[in-house]
Amino acid sequence: MKKIFVLSFISVGYFLNAQNLSNSPYAAYGIGDAKYDNTIETSSMGGISTAFISDFTSNFNFANPANNNNFELTSIKLEATNENNYFKTDYNNTKSTKHSTYLSNISLAFPISSKIKMGLSYQPYSSKSYDILDTQTNDGVITANRFKGSGTLNTAQIAVSYKVTDHFGVGARANYYFGNLYDLNELAYSNAELINGYETKNSIKNFNFTLGANYQLVDTRNDRKWTFGATTTFGNTSNMTTDYKNSTYFYADAAGTTKSNESIIEERSTNSKNLIPLQASLGVGYGEENKWFLSLQGDYKKGEAVNYFGSSVELQDSYRISAGGWYLPNYNNFRSYFSRVVYRYGAFYEKGNLQIWGTNINKFGVSAGVLLPFKNSSITRMSGLELGLEVGKRGTLKNNLINQNFINLKVGFNFADKWFRKRLLE
């Protein structure tokens, strides 16, 4: 296990150096292509987390910080995602693909006491990585319209859980968002020397908070349980600075990286607090202890106004419905390794916050995953290799828009043990 632990940290170094998040052209709007939740455990179950309290002592729930009643061990998680996007549009029958691999989650969690648990985590929250060129010819004049975007918005979190009673828990999470997002729209004509460029740069340093609660009712006669959970995210306490510039120029090099003879037409800077709007979630789950679990969850995100190329873009309220769970055949069957594997499954539908030409850009998908326990892992120390798969669709071909199919592969390690504790001599 020590060899696996060392290799996983070497992998983290590689992914941090090669961090490159690809996404769809829809990332051009707002703060980019938002990642719902990049943990393998959550995404493999369709995104359910609000009413999910792990039966095992090694899993810390960041999405709803109240749901850590059973967490007892120190846990370190290292996870990476491989995204594969396939795009198609009826406009000129265009097709394209984009692939990327990046570090999607790193977390450390540990118990402070039997009632208080704490966790620290890092995840990419959203990203922009697109380059679109549209050319048209009218009366012998070629018009080129280019859209480019880059940057990543990251989030660092600290969560605290408190077990009020055996049935009721509460929790809080502080979220810090940081990063830069950049958009560029360039318009060029074959009969003109200068390019007209519209640039938007968002510099982000933002705090908000998530509160969570849960209630779990267990029938000790058959180990069946009902779980109810709720979360809300609110309270932006910092500003997002948006710098906008409209200028003309030409490129001095063939690579198109060095501007020359730039003349600024308009330039301004604004501050806003609407980066992460109000969010809320409700969930209910039912299952059998150490055997299986199934949950249904609804999420809501309030719409917002975002500055984009000098004007305000209105994003709508969005909704997401998720269903999923897990199944463990028989952890005590040591003759069959696959009877000790945790199998996860899920599905989701999301009404997106983006509407283009009166058409909603929605998203849906299915997911699956496994936790492959290490050889010396027990049900009270569930450490192992995590694998996850998401397959789905976003967008539409209507109105010459873009249909995006995606396949996301996820791999990670969960190391859990009674670390950082003093041993008592008998």
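Determine whether segment 62-76 contains at least one residue that is open to solvent by 10 Å² or more (accessible area, probe 1.4 Å), part of a loop (DSSP other than H, G, I, E, B) and closer than 26 Å to Lys205 by Cα. Yes - at least one qualifying residue is present in segment 62-76. Determine if segment 77-86 includes at least one residue that is acidic (Asp, Glu), crowded, with 19+ Cβ neighbours inside 10 Å and within 20 Å of Thr231 (Cα to Cα). No, every residue in segment 77-86 fails to be acidic (Asp, Glu), crowded, with 19+ Cβ neighbours inside 10 Å and within 20 Å of Thr231 (Cα to Cα).
Among the listed residues Asn214, Asn246, which satisfies the condition of being within 14 Å of Phe62 (Cα to Cα), out of contact with any helix residue (DSSP H, G or I) (no Cβ under 8 Å at 6 or more places or on another chain) and surrounded by 15 or more Cβ atoms within 10 Å (Cβ to Cβ)?
After ruling out the rest, the residue left standing is Asn214.
Within segment 220-239, none of the residues are open to solvent by less than 70 Å² (accessible area, probe 1.4 Å) and of a type in the set (Asp, Glu). Selection over segment 315-343 of residues that are among the hydroxyl-bearing types (Ser, Thr, Tyr), more than 19 Å from Met382 (Cα to Cα) and without any contact (Cβ under 8 Å) to a residue 40 or more places away in the chain gives a count of 2. Taken over segment 344-357, residues that are open to solvent by 20 Å² or more (accessible area, probe 1.4 Å), in a loop (DSSP other than H, G, I, E, B) and either free of Cβ contacts under 8 Å to residues at least 24 places away in the same chain or of a type in the set (A, V, I, L, M, F, W, C) (or both) amount to 1.
Considered as a group, the residues in segment 326-340 that are assigned to a loop (DSSP other than H, G, I, E, B) and crowded, with 17+ Cβ neighbours inside 10 Å include one that is farthest from the chain's Cα centre (by Cα), and that residue is Tyr331.
Looking across segment 126-143, the residues that are closer than 30 Å to Phe178 by Cα and either in contact (Cβ under 8 Å) with a residue 40 or more places away in the chain or open to solvent by less than 60 Å² (accessible area, probe 1.4 Å) (or both) come down to Ser126, Ser127, Lys128, Ser129, Tyr130, Ile132. Lys88 meets the stated requirement of being closer than 30 Å to Gln355 by Cβ, of a type in the set (Lys, Arg), touching a strand residue (DSSP E or B) at 6+ places or on another chain (Cβ under 7 Å) and in contact (Cβ under 8 Å) with a residue 40 or more places away in the chain.
So, in segment 116-155, of the ones that are of a type in the set (Gly, Ala, Ser) and at pLDDT below 95, which residue ends up farthest from Ala80 (Cα to Cα)? Outline the logic, then answer.
We begin by selecting, within segment 116-155, every residue of a type in the set (Gly, Ala, Ser); these are 119, 121, 126-127, 129, 140, 144, 149-151.
Add one more test, that the residue is at pLDDT below 95, and what stays is 126-127, 129, 140, 144, 149-151.
Values: Ser126: 15, Ser127: 15, Ser129: 18, Gly140: 49, Ala144: 37, Gly149: 23, Ser150: 20, Gly151: 18 Å.
Out of the qualifying residues, it is Gly140.
The residue pairs whose first member lies in segment 217-237 and is without any contact (Cβ under 8 Å) to a residue 12 or more places away in the chain, whose second member is part of a strand (DSSP E or B) and open to solvent by less than 40 Å² (accessible area, probe 1.4 Å), and whose beta carbons are closer than 8 Å, counting only pairs six or more residues apart or on different chains, are Asp219/Lys225.
I want to confirm something. Restricting to segment 360-377 and keeping residues that are open to solvent by less than 20 Å² (accessible area, probe 1.4 Å) and assigned to a strand (DSSP E or B), which single residue is farthest from Arg394 (Cα to Cα)? Taking the candidates together, the pick is Pro373. For segment 99-124, a residue qualifies if it is in contact (Cβ under 8 Å) with a residue 40 or more places away in the chain, out of contact with any helix residue (DSSP H, G or I) (no Cβ under 9 Å at 6 or more places or on another chain) and either open to solvent by less than 50 Å² (accessible area, probe 1.4 Å) or of a type in the set (Gly, Ala, Ser) (or both), and the qualifying residues are Ser100, Ser107, Ala109, Pro111, Ser114, Lys117, Met118, Gly119, Ser121, Gln123, Pro124.
Take the conditions (1) open to solvent by less than 50 Å² (accessible area, probe 1.4 Å); (2) free of Cβ contacts under 8 Å to residues at least 12 places away in the same chain; Ala252 misses just one of them, which is (1).
For the residues Ser281, Ser272, Ser190, the requirement of being farther than 27 Å from Gly140 by Cα, surrounded by fewer than 19 Cβ atoms within 10 Å (Cβ to Cβ) and among the small types (Gly, Ala, Ser) singles out Ser272.
The values are calculated or read from the model by the stated rules, or taken from the named source; none is laboratory data. Here the structure is a predicted model, which means the values were calculated and not measured. For neighbour counting, all protein chains shown are included, and Cβ atoms are generated from backbone atoms with ideal geometry for every residue, glycine included. Heads up: the accessible areas ignore ligands, DNA and RNA and are worked out on the full protein's heavy atoms, side chains in. Shrake-Rupley method; radii C 1.70, N 1.55, O 1.52, S 1.80 Å.
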